[in-house]
């Protein structure tokens, strides 16, 4: 089958076309078209994502990205599609929140033939609800004309499957030994998910305040570093380690909740400790580097300690790490060297870096994973955006 997938949960707009052979989880996945547009430069002035600006940019990007993905997949045919009055009215209704998008989509149909698509997968949550609605509404409007089902996808399940997708070897998901544990780390999430089988998710730990990626961004802002803060802190932390710089202010930053009797995390206290250290000071480059290293050490140690504790408690055979923070080099080194040294039986899976941040390839994978459930439920269910949707 052929899936068209749409991601618009935050500040990345992405559309992919994926050919699939076989059934989940042993299918092969070939990405034949992929369009991506980032909004990072636009949001940099705010030090974080501005939701209504994100919504506007998604609405501007989805039709051009559809064309990019179809052209790359060799499915873009310059021949007009006749749209019935009923279908046109339905598109206007579905996209009533985005009238300009409805007009753009109708104009696109007037110039292009309908592509051969079997299913649309779209992120329905979690994420920024205004941004999510753009993708959900666009998927429903497109599906109405194409006559195909729409599968609502959980963004976090997409991150889990992206970490298992080996695009360089055989375009398939890695075989997983259960029970498995997923550590999901991003700007909005820090979670430990227990998996006893495919599609069976139990949240056993989460942040009680800031997510780890959010903490990276906020600490970077305190130090006067640009958004997004994670890559900048990671780069400076590596410089500090190579130079063996002393702790900033001769202080060791706290590791909140690291010894608690649960699997939860906390990053607000660590962020506050950095704020108290920095105050109104203007930091030198060495001081920024040293404090970046100190913060990164504390943040990753918290993740590692709680994850190792959960591995021992639940007898975990496979660890899956996903989300934007999984691209952090020090995190990757810690979990592939330190964890494997102490738990040699564990299989550890991390995403390829280009699949660590939000992308539509992972939405296609998760859509295919949900296909059997969607079929048994009667194909298209009621689909809505849910910014707080959980696994």
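The values are calculated or read from the model by the stated rules, or taken from the named source; none is laboratory data. For clarity, every value in this text was computed on a predicted model and none was experimentally measured. In this analysis, Cβ positions are derived from the backbone assuming ideal geometry, glycine residues included, and neighbour counts consider all displayed protein chains.
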Inset, instruction - Answer yes if at least one residue in the range 66-76 is touching a strand residue (DSSP E or B) at 6+ places or on another chain (Cβ under 8 Å), surrounded by 12 or more Cβ atoms within 10 Å (Cβ to Cβ) and without any contact (Cβ under 8 Å) to a residue 40 or more places away in the chain, and no otherwise. - result: yes
Legend entry - Checklist (1) crowded, with 18+ Cβ neighbours inside 10 Å; (2) part of a strand (DSSP E or B) applied to residue 91, failing item: (2)
Inset, instruction - Please work out if residue 132 is in contact with a helix residue (DSSP H, G or I) (Cβ under 7 Å, 6 or more places away or on another chain), buried (at least 24 other Cβ atoms within 10 Å of the Cβ) and over 15 Å from residue 355 (Cβ atoms). - result: no
Legend entry - Among the residues listed as 355, 331, 340, the single one being more than 19 Å from residue 150 (Cα to Cα), in contact with a strand residue (DSSP E or B) (Cβ under 9 Å, 6 or more places away or on another chain) and surrounded by fewer than 18 Cβ atoms within 10 Å (Cβ to Cβ): 340
Inset, instruction - Starting from the range 362-391, take each residue that is within 19 Å of residue 184 (Cα to Cα) and list its partners that are surrounded by 14 or more Cβ atoms within 10 Å (Cβ to Cβ) and at pLDDT below 90, counting only C-beta distances under 9 angstrom and pairs at least six apart or across chains. - result: 367/374
Legend entry - Criterion: buried (at least 17 other Cβ atoms within 10 Å of the Cβ) and touching a strand residue (DSSP E or B) at 6+ places or on another chain (Cβ under 6 Å) - qualifying residue of 8, 16: 16
Legend entry - Members of the range 31-65 found to be modelled with pLDDT under 90, surrounded by fewer than 20 Cβ atoms within 10 Å (Cβ to Cβ) and under 19 Å from residue 360 (Cβ atoms), listed by number: 40
Legend entry - Enumerated strands (runs of 3 or more DSSP E) restricted to the range 1-43, each holding at least 2 residues that are over 18 Å from residue 117 (Cβ atoms), in contact (Cβ under 8 Å) with a residue 40 or more places away in the chain and under 14 Å from the mean Cα position of the chain (by Cα): 12-21
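The rows are residues; the columns are (1) within 27 Å of residue 32 (Cα to Cα); (2) under 15 Å from the mean Cα position of the chain (by Cα).
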site	(1), (2)
133	yes, no
160	yes, yes
200	no, no
205	no, no
208	no, no
Inset, instruction - Test residue 100 against the stated conditions and say whether it is over 23 Å from residue 389 (Cα atoms), at pLDDT 95 or above and out of contact with any strand residue (DSSP E or B) (no Cβ under 8 Å at 6 or more places or on another chain). - result: yes
Legend entry - Residues located in the range 284-315, provided they are surrounded by fewer than 21 Cβ atoms within 10 Å (Cβ to Cβ) and over 18 Å from residue 215 (Cβ atoms): 284, 285, 286, 287, 308, 309, 310, 312, 313, 314, 315
Legend entry - Residue in the range 273-281 that is in a loop (DSSP other than H, G, I, E, B), in contact with a helix residue (DSSP H, G or I) (Cβ under 6 Å, 6 or more places away or on another chain) and either within 28 Å of residue 348 (Cβ to Cβ) or in contact (Cβ under 8 Å) with a residue 12 or more places away in the chain (or both) present: no
Inset, instruction - Looking at (1) in contact with a strand residue (DSSP E or B) (Cβ under 6 Å, 6 or more places away or on another chain); (2) crowded, with 24+ Cβ neighbours inside 10 Å; (3) within 29 Å of residue 115 (Cβ to Cβ), find the lone condition where residue 158 falls short. - result: (1)
Inset, instruction - Check the range 72-85 and report whether any residue there is part of a helix (DSSP H, G or I) and over 30 Å from residue 221 (Cβ atoms). - result: yes
Inset, instruction - Please give the number of the condition residue 152 fails out of (1) within 30 Å of residue 85 (Cβ to Cβ); (2) in a helix (DSSP H, G or I). - result: (2)
Inset, instruction - Kindly indicate which of 246, 226 is at pLDDT 95 or above, out of contact with any strand residue (DSSP E or B) (no Cβ under 7 Å at 6 or more places or on another chain) and surrounded by fewer than 16 Cβ atoms within 10 Å (Cβ to Cβ). - result: 246
Legend entry - In the range 180-223, residue modelled with the lowest pLDDT [restricted to those that are in contact with a helix residue (DSSP H, G or I) (Cβ under 6 Å, 6 or more places away or on another chain) and in a loop (DSSP other than H, G, I, E, B)]: 187
Legend entry - All positions within the range 102-129 that are over 25 Å from residue 160 (Cα atoms), assigned to a helix (DSSP H, G or I) and touching a residue at least 40 places away in the same chain (Cβ under 8 Å): 104, 105, 108
Inset, instruction - Identify the single condition in (1) out of contact with any helix residue (DSSP H, G or I) (no Cβ under 8 Å at 6 or more places or on another chain); (2) under 19 Å from residue 14 (Cβ atoms) that residue 93 does not satisfy, given that it satisfies every other one. - result: (2)
